[in-house]
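Let me begin by presenting the structure, written as structure tokens, before commenting on it.
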Amino acid sequence: MRIDIVNAVKTFKGSERPAINGIDMTVGDGELVALLGPSGSGKTTLLRAIAGLETLEAGEIRFDGVNVAGRDTRDRNVGFVFQHYALFRTMTVLDNVGFGLSVRPRASRPSKAEIRARARELIRLVQLEGYEERFPAQLSGGQRQRVALARALAIDPAVLLLDEPFGALDAKVRKDLRRWLRELHDRTGHTTLFVTHDQEEALELADRVAVINAGRLEQIAPPAELYARPATPFVCEFLGSVNRLATPAGAVYVRAHEIELVPPGTPEARAAIVVAVRAAGPRVHVELELAEGGRVEAELLAEDFAATGFTAGSAVGAAIRRTHAF
Amino acid sequence: MTLLAPRRSPLVGESATTRRVLLALALAAIGLFLLLPLATVFAEALSKGWGAYFEGLADPDARAAIRLTLLVAAISVAVNFAFGIAAAWAVTKFDFPGKSLLVTFIDLPFSVSPVIAGLIYVLLFGAHGLIGPWLIAHGVEVIFAVPGIVLATVFVTLPFVARELIPTMEMLGRGDEEVARTLGASGWQIFFRVTLPNVKWAALYGVLLCNARAMGEFGAVSVVSGHLRGQTDTMPLHIEILYNEYNFVAAFAVASLLALMALFTLALKSALEAVTENPGR
């Protein structure tokens, strides 16, 4: 199903600034789109508005071209996964997953046996066989997240909405689940929107990433394009570590890994002094004081830095390979 | 599961003597103020033997008082439960003007003396009250009748279920209900299958406290009852009457029954706590 968000605006009571302020975007059928932005940027509000959990004050949300403003959450057929899972604590995993089918109107409700069979099938899909009779309290965070996902998939949703789906998990589990979610999406083909504040997650997982800041859409593009051609200073600064350089023509942005360290006096390179060197795993962050004034940070592989022979205090040349100007 | 924590945590300055003195004080206080009076009730009730004891309970007026107490408690619990759920739901799931005022009003019966609660109803529904004359003209008697006793008891017990539920429901948030909505559940389905199971222990706890208070309420009921024997006497009122008539055995027989009902409620409450502390519930 295709989702069109048309000039969506929402202001919360008691707040002066709109939480979302005129967002326009389209999510194609079967697409996996990330809503990326800092906390408080309005991305969760947008997700909740699509589900009907928030009402827009202006603009429209269209499912396959039809405005859904008057459609209650329960009639929107969206699979929503909350950051903290919101599993029903008094129900077993099996009953949690089967819940959506068991509350259908009598006419369209499958039999008890069919509901259980479908729930088991989904539990298998999220790789939790053997946990059917457990209660949510007896599961790990990653397992709970998968139950929440299976529960959302059980109603055969037209769209899957995930709010910070991996936000509460530790780094290792996050990575595993991320890959697993991508595979699941490729297999089931649900139109999926997920909210995250983790740029790595968004860039790695999504077909397209929508960068949201202060209630506005900054840019929506495939990850590679977003990184290579950021449309606004915000997008540029939000993705990766970036240096801002003042030039006579205005500010330009330089990514840390696009600054190369060369011997001092190299043509085109700017004279600089190494102020500090910080190792971060396989990479090194080198802080440079430019002769023309201002500090920048360069990032390079540890072995490459070792090969240059520079240390803190060395006079170097900073060759800037690429700049982004707006 | 085994408890790894030591039974006695080493508190600063805690010596064997301090421990013994504190323990002795606590036990003495419990014995003196709680167990001894309770034992006296039973001893007094049985002082003339089991025959006199059951005679006291079999008295038609005593049985009427027992029936009335059970009726009033049952109605109060039902009203309280309905009100508590509605109030807690409104307070925790919606935002509306006057919300904090509602929360404050829920506590009102706790801060107002029960006698005043009784008097309020006399002023409202009494023969010279605000709406009493109109009601009496239409054949509805509230004061010095069962409805008044029920009203006074409901007033006094109103906060119990709501006060148990509000913190529980606040802690749980709205996520479960929202997710149920996205899964297609109707309002009633959400309430009966998600919300109510989530808060059932808190609600039951509130109900037990409410029940205990409803059975034992004296002040408010005393004002509106009119003390018509066999008609508007609840157990506490009946006990007082018997006692004032120097009918000690009968008074303490009814008192012992009331105490037993309270002990039973207490036992249920403890059992409930044991169940809810078990993580695999």
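The values are calculated or read from the model by the stated rules, or taken from the named source; none is laboratory data. Just so you know, these numbers come straight off a predicted model, no measurement behind them. Every residue, glycine among them, receives a Cβ derived from its backbone with ideal geometry; neighbour counts consider all protein chains shown.
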Item to check | Candidate set: the stretch A:238-253, residues that are surrounded by fewer than 16 Cβ atoms within 10 Å (Cβ to Cβ) and of a type outside the set (A, V, I, L, M); chosen: the one nearest to the chain's Cα centre (by Cα) | outcome: A:Ser241
Item to check | Leading residue by the ranking (surrounded by the most Cβ atoms within 10 Å (Cβ to Cβ)) among those in the stretch A:111-147 that are within 14 Å of chain B (Cβ to nearest Cβ), touching a helix residue (DSSP H, G or I) at 6+ places or on another chain (Cβ under 8 Å) and not charged (D, E, K, R) | outcome: A:Gln145
Checklist entry - When only residues in the stretch B:148-182 that are under 30 Å from A:Asn96 (Cβ atoms), β-branched (Val, Ile, Thr) and away from chain A (no Cβ under 14 Å) count, which is surrounded by the fewest Cβ atoms within 10 Å (Cβ to Cβ)? => result B:Ile166
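Conditions tested, residue by residue: (1) of a type in the set (A, V, I, L, M); (2) surrounded by 21 or more Cβ atoms within 10 Å (Cβ to Cβ); (3) assigned by TED's automatic domain parsing to the domain that holds A:Asn77.
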{"site": "A:Leu160", "(1), (2), (3)": "yes, yes, yes"}
{"site": "A:Pro165", "(1), (2), (3)": "no, yes, yes"}
{"site": "A:Arg179", "(1), (2), (3)": "no, no, yes"}
{"site": "A:Thr188", "(1), (2), (3)": "no, no, yes"}
{"site": "A:Leu203", "(1), (2), (3)": "yes, no, yes"}
Checklist entry - Which one of these is closer than 29 Å to B:Phe191 by Cβ and assigned to a loop (DSSP other than H, G, I, E, B): A:Arg89, A:Arg116? => result A:Arg89
Checklist entry - Are any residues in the stretch A:92-106 within 13 Å of chain B (Cβ to nearest Cβ) and in a helix (DSSP H, G or I), and if so, which ones? => result A:Asp95, A:Asn96, A:Val97, A:Gly98, A:Phe99, A:Gly100, A:Leu101, A:Ser102, A:Arg106
Item to check | Exclusive hit being surrounded by fewer than 19 Cβ atoms within 10 Å (Cβ to Cβ), in the same structural domain as B:Glu55 (by TED's automatic domain parsing) and in contact with a helix residue (DSSP H, G or I) (Cβ under 9 Å, 6 or more places away or on another chain), set B:Phe264, B:Phe248, B:Phe252 | outcome: B:Phe248
Checklist entry - Here are some residues: A:Leu153, A:Leu169, A:Leu177, A:Leu181. Which one is in contact with a Gly (Cβ under 7 Å, 6 or more places away or on another chain), part of a helix (DSSP H, G or I) and more than 14 Å from every other protein chain (Cβ to nearest Cβ)? => result A:Leu177
Checklist entry - So is A:Ile20 in contact with a Gly (Cβ under 6 Å, 6 or more places away or on another chain) and within 24 Å of A:Phe82 (Cβ to Cβ) or not? => result yes
Checklist entry - Has the stretch B:123-145 got any residue that is outside any loop (DSSP other than H, G, I, E, B), surrounded by fewer than 21 Cβ atoms within 10 Å (Cβ to Cβ) and in contact (Cβ under 8 Å) with a residue 24 or more places away in the chain? => result no
Next on the checklist: Filter the stretch B:235-251 down to the residues that are out of contact with any Ser or Thr (no Cβ under 8 Å at 6 or more places or on another chain) and of a type in the set (A, V, I, L, M, F, W, C) and list them by number.
Outcome noted: B:Ile239, B:Ile241, B:Leu242, B:Ala250, B:Ala251
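Conditions tested, residue by residue: (1) more than 25 Å from A:Ala202 (Cα to Cα); (2) free of Cβ contacts under 8 Å to residues at least 60 places away in the same chain.
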| residue | (1), (2) |
| --- | --- |
| A:Pro230 | no, no |
| A:Leu261 | yes, yes |
| A:Ala271 | yes, yes |
| A:Gly281 | no, yes |
| A:Leu288 | yes, yes |
| A:Ala291 | yes, yes |
| A:Glu297 | no, yes |
| A:Glu303 | yes, yes |
| A:Thr323 | no, no |
Checklist entry - Within the stretch B:52-68, restricting attention to residues that are under 23 Å from the mean Cα position of the chain (by Cα) and closer than 12 Å to B:Arg229 by Cβ, which residue is surrounded by the most Cβ atoms within 10 Å (Cβ to Cβ)? => result B:Ala65
Checklist entry - Could you list, in sequence order, the residues of the stretch A:73-86 that are more than 8 Å from chain B (Cβ to nearest Cβ) and of a type in the set (A, V, I, L, M, F, W, C)? => result A:Val81
Item to check | Candidates B:Ala185, B:Ala203, B:Ala214 - the one that is modelled with pLDDT of 90 or more, within 14 Å of chain A (Cβ to nearest Cβ), buried (at least 18 other Cβ atoms within 10 Å of the Cβ) and within 21 Å of B:Leu268 (Cβ to Cβ) | outcome: B:Ala203
Checklist entry - Could you count how many residues in the stretch A:73-86 are buried (at least 18 other Cβ atoms within 10 Å of the Cβ) and not in a loop (DSSP other than H, G, I, E, B)? => result 6
Checklist entry - Taking the stated definitions as given, is A:Thr232 crowded, with 22+ Cβ neighbours inside 10 Å, within 24 Å of A:Ala8 (Cα to Cα) and at pLDDT 90 or above? => result no
